[in-house]
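Colleague: Pasting in a structure now, in structure tokens, and then I'll have a few things to ask.
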Amino acid sequence: MGNPARRIVIVGGGISGLAATLAIQEESQRLNETFECTILEGQDRLGGKVLTHRVDDFVIEGGPDSFLTSKPWALELCEKLGLADQLINTNKANSQTFCFTKGRMRELPQGLVSFVPTRLGALFSGGLISPLGMLRMGWEWFVPRYTNLEHDESLASFFRRRLGIEAFDHFIEPLVAGIYAGDANVLSVKSTFPRFYDLEQQYGSLMKGIRAQRRDTPPPSAQPQPQRTIFTTLRGGLGDLIQALVKQLSSQGATLRTGHQVHELTTDTTSTRSTYTVVLDNHERLLADEVILATPAYVSAKLLEPLQPSVASLLSQIPYCSTATISLAFRHRDVETSIRGFGFVVPRIEGRAMLAATWTSLKWPNRANAQHSLIRCYIGGQGREQILQESDASLVAYVREQLQEMADISCDPLFSEVYRWDRAMPQYVCGHGQRLQDIRSLMCTLEGMHLTGAAFEGLGLPDCIREGTRVGSALVRAYHERRQNE
Ligand SMILES: Cc1cc2nc3c(=O)[nH]c(=O)nc-3n(C[C@H](O)[C@H](O)[C@H](O)COP(=O)(O)OP(=O)(O)OC[C@H]3O[C@@H](n4cnc5c(N)ncnc54)[C@H](O)[C@@H]3O)c2cc1C
């Protein structure tokens, strides 16, 4: 008689939990092991932060709207799931991005958003920075590398030290801290942008490093085809990735249950192995040989509290902030003279709750038909969450007021949609790296219990997919090795 299937419960059906489950299925097939996967998702739908809503010809993203192609894991997953022909590039025309600062909209140099800037002179000609500020930026070449390697430096300190206060406050801050909806004074540069930290350490300067890397990049013809823009997404919205994943997981035998909050975890440890009981909010109990927690850190903390209080305490120290996205649909003719490019960011120094706005239908094909325009505003974030106490109608009124002031858009939208993301963005604050190390070493004491999700090694979709995949495959490999040694 063969071994019984090993029961894995995955708590959380966001992209991390789904990617981990796919990896278990793939790795177990490869190693000829039998696993029985059950995903338990608290909400009535899978996907977590990934939420696409289609209204007539509009494709509205409530959460993420695209992913980076320089980190290959999301792209590879789409290709694996047969979605390669659904991937779309950002529109080539209109590829400018703006920054609302010093009282008006100013164009950011091409490439700055992806941190490979060209035409830095545009900073000066566009009035983003004063002549002195520009000189200070140029001085970056000569700023010595940081030698206190023990110190986990903040994003603000790193960029002010290297590029000057003016550059940081007026356009770098919204680009680097905006991704986390965070406060650059407390976010760790090593944990949020390790690339910049490494460039400084390796080359002694960001400019020298970027220049050297550009020199060493193969010419475009040598790069793999098809060419992708810096960000990509799916024609029908990112919800299609979730649907394709769900279809694949179900066809391979996974059980996917929605509307089931996991309430409690208990363990039963014998001399040879631990098993877990997963208790749902309806008191149902599921037995598991291994559990993957793909939930926000504060949820994982609560579930692990009775089993490993030290890990729970560390997890609960990972701060989160809340945001909202507000999509507004317009008749194109009403806004066409006001919108140009992909949208704009707003530095914290402007003192507004608005972080950014995307001219969605200019940035992507297929987000609205030719008669309509779609605009998405992003509000809230660390220290700017007060506004989220307001009603949906007030939030819509707020962004309309902001759009009028900043972009001269005063017409009535055809409709609007508000998506609230409460405690959605983990903040990798200074000390995050050390905290992760401590969590990892303590987790060794909980055999068969695994953690993944946006709270740890990157909150973008590619990083969540990479981490979920790593955890899922490692779990299968470890089991396989144990069996080989038995
Ligand atoms: C507004 C917004 C915009 C973003 N934009 C981008 C972008 O453009 N590009 C990009 O790459 N990234 C973006 N991100 C980040 C990215 O979307 C998220 O970091 C990622 O989707 C998180 O995936 P996850 O699976 O780790 O967590 P989640 O998606 O949060 O999934 C966790 C799941 O666990 C479930 N859960 C919680 N508690 C329980 C429980 N007790 N029992 C059962 N289930 C439970 C939740 O319901 C949820 O479905 C954005 C995030 C937000 C909020």
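Colleague: Taking amide H atoms as placed 1.01 Å from N in the peptide plane, list the residues 5 or more away in sequence, or in a different chain, whose amide H sits under 5 Å from that of residue 423.
Modeller: Distant-sequence amide H within range of residue 423: 322, 323.
Colleague: Oh, and also: If you keep only loop residues by DSSP, which trypsin sites (Lys or Arg not before Pro) in region 1-74 have at most 14 other Cβ atoms within 10 Å of their Cβ?
Modeller: Those satisfying the criteria are 45.
Colleague: Cα-based count: Lys pairs in the chain below 20 Å, eight or more positions apart or different chains?
Modeller: Taking the Cα cut-off of 20 Å, the pair count is 7.
Colleague: Express in nm, to one decimal, how much length is gained between residue 57 and residue 482 on full extension, taking 0.36 nm for each residue of separation and deducting their alpha carbon distance.
Modeller: Taking residue 57 through residue 482 to full extension adds about 147.7 nm, to one decimal.
Colleague: Now, a different point. Apply the a/c threshold of 1.5 to the C-alpha gyration tensor of region 82-214 and tell me whether it is rounded, prolate or oblate.
Modeller: Since a/c reaches 1.5 but b/c is at least a/b, the shape of region 82-214 is classed as oblate.
Colleague: Go ahead and estimate [θ] at 222 nm for the chain from helices alone: -39,500 (n - 2.57) per DSSP H run with n ≥ 4, summed, over the residue count, rounded to 500.
Modeller: Result for the chain: -10000 deg cm²/dmol, rounded to the nearest 500.
Colleague: Follow-up. Considering every pair of different Cα atoms, what Kirkwood radius, in Å, is found for region 206-347?
Modeller: 21.5 Å
Colleague: Rank these for me by crowding, 198, 169, going from fewest to most other beta carbons within 10 Å.
Modeller: 198, 169
Colleague: Shape verdict for region 163-252, please, from the Cα gyration tensor: rounded (a/c under 1.5), prolate (a/b greater than b/c) or oblate.
Modeller: Oblate.
Colleague: If you don't mind, another one. Using θ = phi - 60° and the Karplus relation 6.51 cos²θ - 1.76 cosθ + 1.60, list the HN-Hα couplings for region 165-179 in order, rounded to whole Hz, with x at every Gly or Pro.
Modeller: 5, 5, 4, 5, 5, 8, 8, 7, 3, x, 6, 8, 7, x, 4
Colleague: Report, in debye and to the nearest 20, how large the dipole of the chain comes out about its Cα centre when Lys and Arg carry +1 and Asp and Glu carry -1 on their Cβ.
Modeller: Using Cβ point charges on Lys, Arg, Asp and Glu, the chain gives about 1380 debye.
Colleague: Evaluate the relative contact order of region 97-222 (contact order divided by residue number), counting alpha-carbon pairs under 8 angstrom at least 6 apart; express in whole percent.
Modeller: 21 percent
Colleague: Residue-wise, which Karplus ³J(HN,Hα) couplings in Hz belong to region 54-70, taking 6.51 cos²θ - 1.76 cosθ + 1.60, θ = phi - 60°, and x for glycine or proline?
Modeller: 9, 10, 6, 8, 8, 10, 10, 9, x, x, x, 10, 5, 9, 6, 8, 6
Colleague: Please express the shape of region 320-426 as an equivalent ellipsoid: the semi-axes are the square roots of 5 times the eigenvalues of the C-alpha gyration tensor, given largest first in whole angstrom.
Modeller: 23, 14, 13
Colleague: If you don't mind, there's one more thing I want to ask. How do 27, 173, 390 line up, fewest other C-beta atoms within 10 Å first?
Modeller: Lowest count first: 390, 27, 173.
Colleague: Next question. Once you sort the root eigenvalues of the Cα gyration tensor of region 442-486 as a ≥ b ≥ c, which label holds: rounded (a/c under 1.5), prolate (a/b larger than b/c) or oblate (the other case)?
Modeller: Judged from the Cα gyration tensor, region 442-486 comes out oblate (a/c at least 1.5, b/c at or above a/b).
Colleague: Applying the Karplus parametrisation 6.51 cos²θ - 1.76 cosθ + 1.60 with θ = phi - 60° to the phi angles of region 451-458, what ³J(HN,Hα) value in whole Hz is obtained for each residue in order, glycine and proline being reported as x?
Modeller: After applying 6.51 cos²θ - 1.76 cosθ + 1.60, I find 10, 8, x, 5, 6, 10, 10, x Hz.
Colleague: Report the label-to-label distance for residue 76 and residue 404 in nanometres (one decimal), using points 7 Å from each Cα along the Cα→Cβ vector.
Modeller: Result for the modelled spin labels: 5.0 nm.
Colleague: What full-extension length gain, to one decimal in nm, is calculated for residue 470 and residue 201 as 0.36 nm per residue of separation minus the Cα-Cα distance?
Modeller: Computed gain between residue 470 and residue 201 is 94.1 nm.
Colleague: Here's another thing I want to ask about it. Cα convex hull of the chain: mean projected area in nm², to one decimal?
Modeller: Taking a quarter of the hull surface, the average projection is 24.8 nm².
Colleague: Further question: Roughly how many Å is it from the Cα centre of region 88-109 to that of region 35-68, as a whole number?
Modeller: 28 Å
Colleague: Moving on. What is the sum of charges around residue 388, taking Lys and Arg as +1, Asp and Glu as -1, for the other residues whose C-beta is under 13 Å from the C-beta of residue 388?
Modeller: -1
Colleague: Using only Cα atoms, locate the centre of region 145-205 and the centre of region 409-469, then give the distance between them in Å, rounded to an integer.
Modeller: Distance between centres, Cα-based: 20 Å.
Colleague: Quick one, can you get me the convex hull of the C-alpha atoms of region 132-287 expressed as volume per residue in Å³?
Modeller: Given the Cα convex hull of region 132-287, per-residue volume reads 269 Å³.
Colleague: By counting other Cβ atoms within 10 Å of each Cβ, how are 311, 299 ranked from fewest to most?
Modeller: Lowest count first: 299, 311.
Coordinate-derived values only; no laboratory data. Bear in mind the structure is a predicted one, so any value in this text is a computation, not a measurement. No Cβ is skipped: glycine too gets one built from the backbone with ideal geometry, and neighbour counts run over all protein chains shown.
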